[in-house]
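Visitor: The structure follows.
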2 protein chains.
Amino acid sequence: RGTFPNGQPGNIIGGVYEGPVEGTYACFLAERAIEKMKSFLNNPAQPFFLALHFFAPHLPYFLPESHINLYNPQDIPLPKSMNETFENKPIVQRHYAAHWCFDCFSKEDWQKIISMYWADVTLVDEQIGRVLRFLDDNGLTEHTAVFFTADHGAFVGSHKLSDKGPAMYDDIYRIPFITRFPGLVQPQFICSEFVSPLIDLTATFLDLCDIPVPSHFDGRSIIPLLKGDIPTDWRKEIYAEFHGHHFPFPQRMIRSKTHKLIINPADIDELYDLVNDPDEMVNQIDNDAYKRVKLSLTEKLYHHLQKTGDNFYHWMTSMHNVSASAQNTESSSFAKK
Amino acid sequence: RGTFPNGQPGNIIGGVYEGPVEGTYACFLAERAIEKMKSFLNNPAQPFFLALHFFAPHLPYFLPESHINLYNPQDIPLPKSMNETFENKPIVQRHYAAHWCFDCFSKEDWQKIISMYWADVTLVDEQIGRVLRFLDDNGLTEHTAVFFTADHGAFVGSHKLSDKGPAMYDDIYRIPFITRFPGLVQPQFICSEFVSPLIDLTATFLDLCDIPVPSHFDGRSIIPLLKGDIPTDWRKEIYAEFHGHHFPFPQRMIRSKTHKLIINPADIDELYDLVNDPDEMVNQIDNDAYKRVKLSLTEKLYHHLQKTGDNFYHWMTSMHNVSASAQNTESSSFAKK
């Protein structure tokens with residue numbers, strides 16, 4: 001654990017859990033899932049739905065002895081973005097780095113922390129393996145669809161940050177999504193369209209059951225994508241919103257396959273070239289070479305916010321290049337302009 | 001009116017109202033107040049309470065021909081803080097200056113704008129005069145208490161800002177408060193204690209009617225102060241909170257008679273020496289000479305927020321010098337520290 005800027009002990013990063021793997025939360029959850037599936041076997045004609053939510057690999061990383069040294073810290077490559085300078089970035093990112101006390105840890109410490117994160121991922125992976133093995137052992141694999149995803153990523157030292165918070169880098173917004181769907185998805189098939197699992201999966205589940213997806217749903221069934229069949233009107237950009245966590249810092253993002261624009265009303269906006277700068281090191285917001293893409297993404301984001309009823313757009317109306325006028329604040333129609 | 005940073009027409013600052021004084025909102029409100037008081041005369045034994053709320057002198061300033069040129073712009077001194085550089089200040093202040101388009105206006109324009117603000121103040125002043133004259137004319141003056149105050153100030157170009165918004169300068173937080181209370185307050189008496197009219201007046205009204213002030217009230221009767229009798233436990237500092245307006249930028253302030261500390265979780269904090277720098281031009285937050293006062297105000301603010309249930313304090317716990325520890329995020333009591 002590090003030290004807060006005020007000298008108090010920082011948040012715990014991780015430590016040794018002095019018990020067996022069987023005592024971990026991940027193992028407990030897998031155990032309960034298997035137990036539940038066993039009860040399903042009593043009525044094999046009845047389809048089942050099981051949602052299994054692991055907390056790991058979330059901070060803090062408490063690992064049993066069997067896992068704490070699973071990866072050799074010396075072998076761990078540090079992320080390029082650990083060279084973050086915060087130049088031309090919102091000030092809150094520096095505060096956030098200080099909050100998790102990036103500078104309390106040496107390069108070697110960070111390798112150790114990342115190795116613990118990897119080990120925590122492995123711990124969950126093993127437990128998911130047990131759940132999948134149960135499907136195999138009971139002849140369920142061929143007619144069970146499995147979806148694996150997460151609700152957010154983790155910085156683990158990327159951009160000198162930890163956990164997730166007031167910075168919209170891919171490290172925390174780009175999340176894993178793996179599907180096993182016998183007869184529908186080809187093994188090794190990779191879909192590179194924008195999917196937002198937490199909203200698209202609900203629509204997908206309805207679609208799987210031949211229930212029409214209500215028109216007020218934001219999400220959309222991904223079944224066509226899984227077949228390799230991309231609807232022509234599939235989303236070309238993805239949007240994300242942040243309201244505050246650790247720091248109050250409302251921000252909104254629009255991300256295409258090549259660029260990302262982030263609007264920070266109280267500080268500098270951000271624009272990243274994801275093709276030439278996948279680590280999002282250089283904020284191109286004031287670079288004239290990106291004027292067109294900035295304008296186009298700004299306009300799309302603004303109208304998306306308006307359309308979806310996100311009042312954040314009011315914070316953009318006067319300050320951003322959008323084809324909209326602020327409400328006229330004249331209190332008299334006799335007023336001279 | 002100026003131009004927004006995006007090139008669209010800015011918010012209206014003011015203009016000519018092409019009607020008579022009698023057509024202004026201020027005059028209409030005074031008229032209705034006098035009408036109401038006339039009805040009170042029918043039952044002279046019955047005490048009355050009248051709350052009269054003017055909108056002026058709020059932006060935009062629409063003035064009738066009789067007032068638009070009341071003050072000669074050339075005679076208007078510009079506020080010292082119009083030389084604001086925004087150095088060492090939160091970035092949102094620059095954004096806010098751009099939002100109201102400070103730079104669209106010349107020095108002469110600002111003199112004109114301030115002259116219109118003054119004229120708008122005079123317009124309200126005249127209407128309040130009519131209301132007070134009604135008291136005189138009907139023998140009510142000697143047994144009527146009059147309280148005059150406002151819910152906020154206005155920048156009108158101070159610190160290159162307009163209206164009120166994400167910057168906690170005295171220009172908008174230090175508000176007028178005048179009392180006429182025959183037999184209780186001596187004419188010309190000036191009270192220099194901290195009064196927060198919008199919360200203290202309710203308690204004061206109850207006190208005036210000999211009704212005990214409930215213990216859950218934040219405000220406190222100012223009757224003793226008006227008598228020149230300062231309770232020893234009267235507040236030594238005043239607190240203010242801001243959640244967002246035009247820009248999302250939560251901030252909190254503690255102000256003593258000599259210093260002001262502002263906590264801005266997403267940007268640099270502010271500390272002003274109100275004795276040597278009453279215009280709040282120099283942010284002393286990183287000046288070691290102010291370390292003690294900063295520490296003391298930080299501690300007081302933090303505990304005030306905790307005590308009053310303002311969860312903002314969580315945003316200070318890790319980043320500020322407060323005698324408090326963050327919640328322990330250990331998930332296992334077996335964890336090694």
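We did not get these values from a lab; they are worked out from the coordinates using the rules stated. From a predicted model like this one, the values you see are computed outputs, not experimental measurements. Because the Cβ atoms are built from the backbone with ideal geometry, glycine has one as well, and the counts that use them run over all protein chains shown.
Visitor: Rounded to the nearest 0.05, what FRET efficiency do B:L50 and B:Q188 give with R0 = 35 Å and r taken as the Cβ-Cβ distance? Could you check?
Guide: FRET efficiency, B:L50 to B:Q188: 0.85.
Visitor: Calculate the length of the line joining the C-alpha centroid of the stretch A:2-65 to that of the stretch A:284-319, in whole Å.
Guide: 40 Å
Visitor: When Rg is the radius of gyration of the Cα atoms in the stretch A:237-323 and Rh is its Kirkwood radius, what does Rg/Rh come to?
Guide: 0.94
Visitor: What whole-number distance in Å separates the alpha-carbon centres of the stretch B:175-200 and the stretch A:177-197?
Guide: One Cα centre to the other: 71 Å.
Visitor: For A:H95, what charge total do you get from the other residues with a beta carbon under 12 Å from its beta carbon, if Lys and Arg give +1 and Asp and Glu give -1?
Guide: For residues surrounding A:H95, the net value is 0.
Visitor: Return the FRET efficiency for the residue pair B:D75, B:K36: r is the Cβ-Cβ distance, R0 is 56 Å, and the value is rounded to the nearest 0.05.
Guide: After rounding, the FRET efficiency stands at 0.90.
Visitor: Within chain A, which complete DSSP H helices have Cα atoms spanning at least 27 Å along the helix axis and a mean Kyte-Doolittle hydropathy of -0.5 or higher?
Guide: Those that pass (Cα extent of 27 Å or more, hydropathy at least -0.5) are A:107-137.
Visitor: Which far-off residues, 5 or more places away or on another chain, put their amide H under 5 Å from the one on A:H259, with H placed in the peptide plane?
Guide: Amide H neighbours of A:H259, under 5 Å, 5+ apart: A:L274.
Visitor: Can you give the FRET efficiency to the nearest 0.05 for B:F147 and A:C104, using r as the Cβ-Cβ distance and R₀ = 60 Å?
Guide: Approximately 0.65, to the nearest 0.05.
Visitor: Same structure, new question: Please report, for A:D137, the nm distances (one decimal) from its label point, 7 Å out from Cα along the beta-carbon direction, to the equivalent points in the remaining copies, shortest first.
Guide: Distances to the matching label points in the other copies: 9.6 nm.
Visitor: Counting Lys and Arg as +1 and Asp and Glu as -1, each charge on the Cβ, what is the dipole of chain B about the Cα centre in debye, to the nearest 20?
Guide: Dipole size: approximately 820 debye.
Visitor: Can you list the distances in nanometres, one decimal and ascending, from the B:S106 label point to the identical position in each other copy, with the point 7 Å along Cα to Cβ?
Guide: Label-point distances to the other copies, shortest first: 6.5 nm.
Visitor: Further question on the same structure: Please list the non-local residues whose amide H lies under 5 Å from the amide H of B:G14, H modeled 1.01 Å from N, same-chain partners needing a gap of 5 or more.
Guide: Those qualifying (amide H under 5 Å, at least 5 residues apart or on another chain) are B:Y61.
Visitor: Exactly which GluC sites (Glu not before Pro) in the stretch B:171-254 are in a DSSP loop and have at most 12 other Cβ atoms within 10 Å?
Guide: Nothing satisfies the criteria.
Visitor: As a quick test, which of the pairs A:K160/B:K89; A:K36/A:K164; A:K112/B:K89; A:K160/A:K257 have an alpha carbon distance above 29 angstrom in this structure?
Guide: Result: A:K36/A:K164; A:K112/B:K89 exceed 29 Å.
Visitor: Once amide H atoms are built 1.01 Å from N in the peptide plane, which residues 5 or more positions from B:G244, or in another chain, come under 5 Å H to H?
Guide: B:F249
Visitor: What spacing in nm lies between the two simple spin-label points modelled at A:F28 and B:N311, each 7 Å away from Cα in the Cβ direction?
Guide: Distance between label points: 2.6 nm.
Visitor: Something else: Name the residue from A:I114, A:H53, A:L305 whose Cα lies farthest towards the positive end of the charge dipole of the protein assembly as shown, charges +1 on Cβ of Lys and Arg and -1 on Cβ of Asp and Glu.
Guide: Highest projection toward the positive end goes to A:H53.
Visitor: Here's a follow-up. Between copies, how far apart are the B:E18 label points? List them in nm, one decimal, shortest first, with each point 7 Å from Cα toward Cβ, please?
Guide: 8.6
Visitor: Sticking with this structure for a sec: Antiparallel as a % of all DSSP beta bridges within chain A, to the nearest 5?
Guide: 85 percent
Visitor: For the stretch A:226-261, which chymotrypsin sites (Phe, Trp or Tyr not before Pro) pass both filters: DSSP loop (anything but H, G, I, E, B) and at most 15 other C-beta atoms within 10 Å? Provide the component values of the computation, followed by the final result.
Guide: Details: sites: A:W234, A:Y239, A:F242; in loops: A:W234.
Loop-located and lightly packed - A:W234.
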